[in-house]
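> Structure below; questions to follow.
Read-outs: derived from the displayed coordinates by stated rules, not from any lab. Small disclaimer: the values here were computed from a predicted structure and weren't measured. Backbone-built Cβ (ideal geometry, glycine too); neighbour counts: all protein chains shown.
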Amino acid sequence: MLELEDALQRILTALPPPASERVALHEAAGRVLAENISSSVELPRFDNSAMDGYAVRAEDVEGATPEVPVCLRLRGKVAAGEMFAGEISHGECVRLFTGSPLPRGADAVVMQEDTRVDSAHPDEVLIRDAAKPWENVRRRGTDVTRGTMLAEAGTVLTAGRISLLAASGIIGIETGKRPRVGLLATGSELREAGQTLAPGQIYESNRIALATLVGRGGGIPQCFPLVPDTLAATQGALDAALSECDAVVTSGGVSVGEMDFVKTAFEQLGGELQFWKVAIRPGKPFVFGRCRGKFLFGLPGNPVSAFVTFLLLVRPALLRWQGGAEVALPAYPGVLAEPLANPGERRHYMRVRVDHTGRIFSAGAQASHALRSLAAANGLVAVSPQTMLAAGTTVPVLRWD
Ligand code: AMP
Ligand code: MG
C-alpha cells in the first residue's frame, strides 16, 4: 500500500508533457497559462484623473479653503476618451471626469465636491481646497511598466488576472490543452436519476459530482452509461471510454469482492496497473493504470471516497497535465474548535466546516457513504494515524471550492 505522496508522485511522473493550444481571452478563465506574458504597454497608459473635478496646477491652489477659495479660469472640458488640445497655464483649470487624460501643464485634480461654479460666471471655478502635486492623478505606468510580468506560465487564470491581460490589450493566449476525462460508474445497483428504483437499488451520484470536479480542474468531463457488475460490461465500457478520452475515471468495483471487475477488465484490455491501494481514509482501494497512452483512475464507489480521492489524486493530475505548477489543493490554516480523532491506521481526510473566523468544526458523520457531511463540508483536514488533534490546534485546511 502506497503513501499518498508516493502515489501522487507516480501519477504525476506517468503523465505526458503538457500540450498547449491558443484560446481567446474570454474563454481563458480557469485555464492553465502555457506562456509567460509580460507587458508591452504601461498602465495607466497616460496620466489621467481619478475623480470628476478640475485639472489644476497645484501651485495655483496652494492654501485654498472654503473660506478663502482660489478663482481659476475654466479653459474647457475633456471627457474620458478625449485629449485637451493645448496646455493650461497659471490661473487656469480644465473640467475633467474620471479617466480623462490630464491636460498638459496640469499636475493635480481638485475633486468636484471641493469646487463651486457660480452660474453668473460659468467660466470661473472657485477652488475650495488645496491639492498636492499629483493628487487625484493616476500616473502613467504606476500600475504596470513595460516588461512587468502580467501572468506566469503554469498559473490558473483567474478573473482578476484576465482583467489585467485584457487591459493590456491581450486577446489570445497559449493555454494547456484540457484533457478529456471519461466518467464511468460501475455497480448493478445503480440507476439513473428519474428512473424508478426497485428494492435494493440506489441513484447513481458519482458521475455528476466528479464531472463538476473535472470541469473545475480544467478537464472536459464526458459521462458514459452506467456499467453493471459483469466483466464483459466493464470491459466494453472501459474500452469505449479509453478510445474516446485521454483518461478514464471509474467509480466502484475496485475493492476485493468478486463483483469488483475494474482491475481485471482493464488488464484484459491490455492495461497495466501502476498501483492499487493508498494508505488514506476514505479511499484506500484507489487504482491507477495506463493503457494505450491513456490513464485509468479507478476510484472506490462510496461517494465520499470517490470525491476525496479525486481531489487528492486526480485533480492534481488534471492540473499538471495542463502544465499547472501548483497542483495540490490550496491549504489555509484554521484553528480546531473541537477535537478531531483518528484512531485508525491510515491518514484520515476528515470533512470539516471552517467558519469565516477560521474556526474549524467537524462537518458531521465521517463514514464514506455519509453525504450530508460532504455537502456541509468546505474543507478537509488530514489527521495522522492514531492521532487526536485537540481543540485549539492550528491545522491546514484543504479547500476545493
Ligand atoms: P463499491 O466500491 O463498488 O464496492 O461500492 C461501494 C459503495 O458505494 C456501495 O454501497 C455502492 O452502492 C456505492 N456506490 C458505488 N458507486 C456509486 C455511485 N456511482 N453512486 C452512488 N453510490 C455508489
Ligand atoms: Mg460496486
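> Check which residues have an amide H placed less than 5 Å from Ala151's amide H, if you skip close sequence neighbours.
Amide H neighbours of Ala151, under 5 Å, 5+ apart: Ile37.
> Further, regarding this structure: What percentages, rounded to whole numbers, describe P(r) for the stretch 48-138 computed over all alpha carbon pairs with 10 Å bin width beginning at zero?
Per 10 Å bin, starting at 0, the Cα pair percentages come out as 21, 58, 20, 1.
> Using alpha carbon centroids, what distance separates the stretch 87-165 and the stretch 18-62, in Å?
Using only Cα atoms, the two centres lie 15 Å from each other.
> If I fit a long axis through the Cα atoms of helix 231-244 and take the longest principal axis of the Cα atoms of the chain, what angle between them do I get, 0 to 90°, rounded to 10?
30
> Across the chain, how many lysine pairs, 8 or more apart or on two chains, come within less than 19 Å at their alpha-carbon atoms?
Counting lysine pairs in the chain gives 4.
> In whole Hz, with x marking every Gly and Pro, tabulate ³J(HN,Hα) for the stretch 10-25 from phi via Karplus 6.51 cos²θ - 1.76 cosθ + 1.60, θ = phi - 60°.
Ordered by residue, 3J(HN,Hα) equals 4, 5, 5, 6, 7, 6, x, x, x, 9, 10, 8, 8, 10, 5, 4 Hz.
> Follow-up. Roughly speaking, what is the stretch gain from Thr230 to Glu21, that is 0.36 nm per residue apart minus the C-alpha to C-alpha distance, in nm to one decimal?
Details: separation 209, 0.36 × 209 = 75.24 nm, distance 3.94 nm.
Roughly 71.3 nm would be gained on extension.
> Give the relative contact order (percent, whole number) for the stretch 48-138; include only Cα pairs under 8 Å separated by 6+ residues.
42
> With θ taken as phi - 60° and the coefficients 6.51, -1.76 and 1.60, list the Karplus ³J(HN,Hα) couplings across the stretch 364-376 in order, rounded to whole Hz; mark glycine and proline as x.
In residue order, the calculated couplings are x, 3, 9, 5, 7, 9, 7, 8, 5, 6, 5, 5, 7 Hz.
> In addition: Amide H to amide H, which residues 5 or more places from Leu296 or on other chains are under 5 Å from it, using H placed in the peptide plane?
Placed amide hydrogens put Val248, Gly289, Arg290, Cys291 under 5 Å from Leu296.
> Would you list the P(r) distribution for the chain, with all Cα-Cα distances sorted into 10 Å bins from 0 and each bin expressed as a whole %?
5, 18, 20, 17, 12, 10, 10, 7, 2, 0
> Shape of the stretch 18-87 from its Cα gyration tensor (a ≥ b ≥ c, root eigenvalues): rounded if a/c is under 1.5, otherwise prolate when a/b > b/c, or oblate?
prolate
> For the stretch 331-398, what is the convex hull volume of its Cα atoms per residue in Å³?
Measuring per residue, one finds 71 Å³ for the Cα hull of the stretch 331-398.
> Related question: Give the long-range amide H neighbours of Cys71: residues separated by 5 or more places, or on another chain, with amide H under 5 Å away, using H modelled in the peptide plane at 1.01 Å from N.
For Cys71, whose amide H was placed from the backbone, the distant partners under 5 Å are Ile127.
> Could you tell me how many degrees, from 0 to 90 and to the nearest 10, lie between the Cα long axis of helix 206-216 and the main elongation axis, the longest principal axis, of the Cα atoms of the chain?
Here the helix axis deviates by roughly 30 degrees.
> Quick one: dipole size for the chain, taken about the Cα centre, charges +1 on Lys/Arg Cβ and -1 on Asp/Glu Cβ, in debye to the nearest 20.
With only Lys, Arg, Asp and Glu charged at Cβ, the dipole is about 1100 debye.
> At 7 Å along the Cα-to-beta-carbon direction for both Glu35 and Ala390, put a label point, then send me their distance in nm to one decimal.
The two pseudo-label positions are separated by 5.6 nm.
> Separation between the Glu267 and Ala325 pseudo-spin-labels, each 7 Å from Cα along Cα→Cβ, expressed in nm?
If labels sit at Glu267 and Ala325, their model points lie 4.2 nm apart.
> A further question follows. What do the square roots of 5 times the Cα gyration tensor eigenvalues come to for the stretch 1-156, in whole Å, largest first, as semi-axes of the equivalent ellipsoid?
Values: eigenvalues 554, 52, 32 Å².
Semi-axis lengths for the stretch 1-156 are 53, 16, 13 Å.
> From the phi of every residue in the stretch 161-169, what ³J(HN,Hα) in whole Hz does the Karplus formula 6.51 cos²θ - 1.76 cosθ + 1.60 yield, where θ is phi - 60° and glycine or proline is x?
3J(HN,Hα) across the stretch 161-169, in whole Hz: 5, 5, 4, 4, 5, 4, 5, 8, x.
> Quick check: residue separation of Met149 and Asp401 times 0.36 nm, minus the Cα distance between them. What number comes out in nm? Don't skip to the answer; put the middle values down first.
Numbers: separation 252, 0.36 × 252 = 90.72 nm, distance 2.74 nm.
The span from Met149 to Asp401 would gain 88.0 nm if fully extended.
> Further question on the same structure: What is the stretch 1-159's relative contact order, in percent, from Cα pairs under 8 angstrom and six or more apart in sequence?
Taking the mean separation of contacting Cα pairs over the length of the stretch 1-159, I get 36 percent.
> Length gain on complete extension for the stretch Tyr203 to Trp134, per 0.36 nm per residue less the alpha carbon to alpha carbon distance?
Full extension from Tyr203 to Trp134 adds 18.3 nm.
> Follow-up. I'd like to know which of Ser205, Trp134, Thr357 lies farthest towards the positive end of the charge dipole of the chain, counting +1 on Cβ of Lys and Arg and -1 on Cβ of Asp and Glu.
Farthest towards the positive pole: Ser205.
> Using Cα pairs under 8 angstrom and six or more residues apart, how large is the relative contact order of the chain, in percent?
Relative contact order comes out at 16 percent.
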